[in-house]
Amino acid sequence: MDDEPARLNRARGGDSAAFSSLMRSYEREIVTHCYRMLGSLADAEDTAQETWVRAWSRLSTFEGRASFRAWVYKIATHACLDALDSRRARALPDDLSPAWDLGVPTPAASNEPIWLEPIPDALVADGARGPEARVSARESIALAFLVTIQCLPPRQRAVLLLRDVVGWSAEEVADLLESSVPSVNSALQRARESIEHTPDVDHAARRVSTDLDDARTRSLVIRYVRAWESGDLPGLVELLASDATVVMPPVVSWYRGVEAIAGLLRAVAFPADGAKRFRMRESRANGQPAFATEMSEDGGITWKPQSVHVLDIDGDKITRMTVFLGEEPTRRLAATLGGSGPDAS
């Protein structure tokens, strides 16, 4: 049976098929690593492709002092750092402004590449190694965690992810970043202090560590879908915590509190004429309950991919609805479920 050393030898001899086989072994975890670094699945896939190109062009320089996996991570991390030199950190609307009042006109949606994007759990590989990896794979893709690390300087972000998520030693990270162990340890300490002083990260860790298949969560999810699909606004509002928030990138405005959210939904999703209808397919994204959602405006004759809903749940209440509007994230999540759309049955 073929193994990595044999494929590597053939690849170094110019066998592109052997090289492709090697890279495919790590493709999913490299995309996941790049997603954590960049906050965008599209950017992560582009950067993973750039990693592939760089690795092939530099294969003759691979000396074997570290594993091939480590070498690929090194190339991918530096490709991310290069990308971050010219890109704004990804965020969500509530990171950029205070909550909006329903009576205040809102600016047009911003379609600039500034928003954090969701990643379906089906596309995530943890890449973690050993018990020293302090942040679980699920926690490290939670939206609250990702928003926080996007605020870190890029090299601190890389150190934190490589040490606490991938589980590398300080020596390995220093080699990857062409730095020193004291510099790596200092960057890690600063990064940890920054995220430890962000309350949302602790809340996210508690939230996503909950078994998403437990009876209380399952009941909440079922009621959420039923409320949207039946147009039951009061039933939906009953599921919300009193201080719940809703954000809807690329819409800039966001809202907090049951009253504000109810008013928003009444205006944009549940009009009195019942013209809009929704249907949902349940999935998971960013380690959280998620739904690929279609909308019809003609009584259910035609349906269009509309949004991805990602829920924060605390106990028996929804504390946050992050609704990623647009066909692309919806189609991407739906594709992981099979079929051609959110409701392929």
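Since every read-out is calculated from the coordinates, none of them should be taken as a lab result. Just so we're clear, the structure is a prediction, and the values are computed from it rather than from any experiment. All Cβ positions, glycine included, derive from the backbone under ideal geometry; neighbour counts span all protein chains shown.
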What helices in the chain pass both tests, a Cα length along the helix axis of 18 Å or more and a mean Kyte hydropathy of 0.5 or higher, using whole DSSP H runs?
-> 68-84
Under the 7 Å Cα-to-Cβ spin-label approximation, I222 and D85 lie apart by a distance in nanometres of 5.5 nm
Do the sum for the chain: with -39,500 (n - 2.57) for every DSSP H run of n ≥ 4, divided by all residues, what is the mean residue ellipticity at 222 nm, to the nearest 500 deg cm²/dmol?
-> -14000 deg cm²/dmol
Specify whether the C-alpha gyration tensor of the range 1-69 places it in the rounded, prolate or oblate class, a ≥ b ≥ c being the square roots of the eigenvalues: rounded for a/c under 1.5, otherwise prolate if a/b is larger than b/c and oblate if not.
-> prolate
Sparse-neighbourhood loop sites, GluC sites (Glu not before Pro) in the range 248-298 - DSSP loop, at most 15 other Cβ within 10 angstrom | E297
Summed over the other residues with a beta carbon less than 9 angstrom from that of I149, with K and R at +1 and D and E at -1, the charge totals +2
Which entry in (1) 32, 25, 18; (2) 34, 22, 21; (3) 39, 23, 18 is this structure's computed semi-axes √(5λ) of the Cα gyration tensor in Å?
-> (3)
Rounded if a/c under 1.5, otherwise prolate or oblate - the range 71-128, Cα gyration tensor axes | prolate
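Once a ≥ b ≥ c are taken as the square roots of the eigenvalues of the Cα gyration tensor of the range 240-307, is the result rounded (a/c under 1.5), prolate (a/b larger than b/c) or oblate (a/b not larger than b/c)?
Values: a/c = 2.03, a/b = 1.19, b/c = 1.71.
Taking the square roots of the gyration eigenvalues as a ≥ b ≥ c, the range 240-307 is oblate.
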Using label points projected 7 Å from each Cα along Cα→Cβ, tell me how many nm separate E297 and R331, to one decimal.
-> 1.9 nm
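Based on DSSP, what percent of beta bridges with both residues in the chain are antiparallel, to the nearest 5?
85 percent
Grab the other residues whose beta carbon is less than 13 angstrom from that of A44, score K and R as +1, D and E as -1, and report the net.
Every neighbour counted, the sum reads -2.
Please state the charge dipole magnitude for the chain, taken about the Cα centre, from unit charges on C-beta atoms (+1 on K and R, -1 on D and E), reported in debye and rounded to the nearest 20.
On the way: 40 positive and 50 negative charges, 74 e Å.
With Lys and Arg at +1 and Asp and Glu at -1, about 360 debye.
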